[in-house]
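Q: After the structure tokens below, expect a handful of questions from me.
The values are calculated or read from the model by the stated rules, or taken from the named source; none is laboratory data. This is a predicted model, so every value here is computed, not measured. When we count neighbours, we look across all protein chains shown, and the Cβ atoms used for this are built from the backbone with ideal geometry, even at glycine.
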């Protein structure tokens, strides 16, 4: 087949990063850049003179030579733009989150399946060397049973004007958790606060409970004096620390497991003992995560593989975000989540019948 021709929709900061990474791939062609902002298009043209410019989204949809769209526009446009692109017969890569409700996300998933088109979400952190390495530890059971997932993602002065800190920063850590654990929470609780006259929450805390003994906690903050991207994962055999701000030792694996035993005497007091072991900082691949993500999408266009962050992965993340948003709106009480049926085909991913539905539009 000839090289798939790609159009990048949205040419702001992140859109230009996407153009750069897709332009470096040999098996696809970035043919069109689309943005209503003519200044943004002018910047693209200076750097990539061969790319055609299109100020109207409909113009991209009407171009039969374009095989796929990469959508890097505001969150509120992800669902309508992705839906129109799929209806027009295009493959789609959309920025996170995939949609603003699980209803919308499920509609996109099923539409892509019916049309036979690739629908993928840019959960960039899933493609980092650190998360990929952590995945190998989880799959090989080197960490043992997962006990907890504790993440902190803080920054300063990057408040969004159309969404809150949960939907902006939380999507990253939710995608990492979903990818690593391959488990779905049974309940989510969240609290958030709006500071400094903001109309959106800029500090939030989220907890997720699972049917197993796994528990997850997320601290999200736009008002921090320091930038922090840290995740701690506790396993019954080993524990892992992932600090994305570290330059050379982003992952540290600790050979400290936990053992429990019941004493036969007294009230059968539960004692917890520590197993001390060495710390290992493995060598990770240094390829840019966005480049690996772009390669994953390009490979999917050739039908050689299913994307790591496919439509179902996007749906799972939106489902968690939505539940956390509803909990926050209800004062922090837990919101139950219906269980999901798992199947290798996207069209088979649906909430089980009889489960309670917690759908909220913000």
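Q: On the given criteria, is residue 346 outside the structural domain of residue 237 (by TED's automatic domain parsing), touching a strand residue (DSSP E or B) at 6+ places or on another chain (Cβ under 8 Å), closer than 30 Å to residue 29 by Cβ and modelled with pLDDT under 55?
A: Spelling it out, residue 346 is indeed outside the structural domain of residue 237 (by TED's automatic domain parsing), touching a strand residue (DSSP E or B) at 6+ places or on another chain (Cβ under 8 Å), closer than 30 Å to residue 29 by Cβ and modelled with pLDDT under 55.
Q: Same structure, new question: Can you tell which of 286, 263 is modelled with pLDDT under 95 and more than 22 Å from residue 137 (Cβ to Cβ)?
A: Checking each option against the conditions leaves just 263.
Q: Further question: Could you grab me the full set of residues in region 119-145 that are more than 18 Å from residue 313 (Cβ to Cβ) and assigned to a strand (DSSP E or B)?
A: none
Q: Check region 194-209 and report whether any residue there is more than 22 Å from residue 123 (Cβ to Cβ), assigned to a strand (DSSP E or B) and touching a helix residue (DSSP H, G or I) at 6+ places or on another chain (Cβ under 8 Å).
A: Yes, because at least one residue in region 194-209 is more than 22 Å from residue 123 (Cβ to Cβ), assigned to a strand (DSSP E or B) and touching a helix residue (DSSP H, G or I) at 6+ places or on another chain (Cβ under 8 Å).
Q: Considering only residues that are crowded, with 20+ Cβ neighbours inside 10 Å and touching a helix residue (DSSP H, G or I) at 6+ places or on another chain (Cβ under 7 Å), which ones fall in region 171-188?
A: 171, 172, 174, 175, 176, 178, 179, 180, 185, 188
Q: Just one of the numbered conditions (1) modelled with pLDDT of 95 or more; (2) within 17 Å of residue 321 (Cβ to Cβ) is not true of residue 146; which one?
A: Going through the list (1) modelled with pLDDT of 95 or more; (2) within 17 Å of residue 321 (Cβ to Cβ), residue 146 breaks only (2).
Q: Quick one: in region 203-212, of everything that is in contact with a strand residue (DSSP E or B) (Cβ under 6 Å, 6 or more places away or on another chain) and surrounded by fewer than 21 Cβ atoms within 10 Å (Cβ to Cβ), which residue is farthest from residue 244 (Cα to Cα)?
A: Result: 209.
Q: Taking region 67-107, which residues are assigned to a strand (DSSP E or B) and touching a residue at least 60 places away in the same chain (Cβ under 8 Å)?
A: Once the filter is applied, which keeps residues that are assigned to a strand (DSSP E or B) and touching a residue at least 60 places away in the same chain (Cβ under 8 Å), region 67-107 yields 68, 69, 70, 71, 91, 93, 94, 95.
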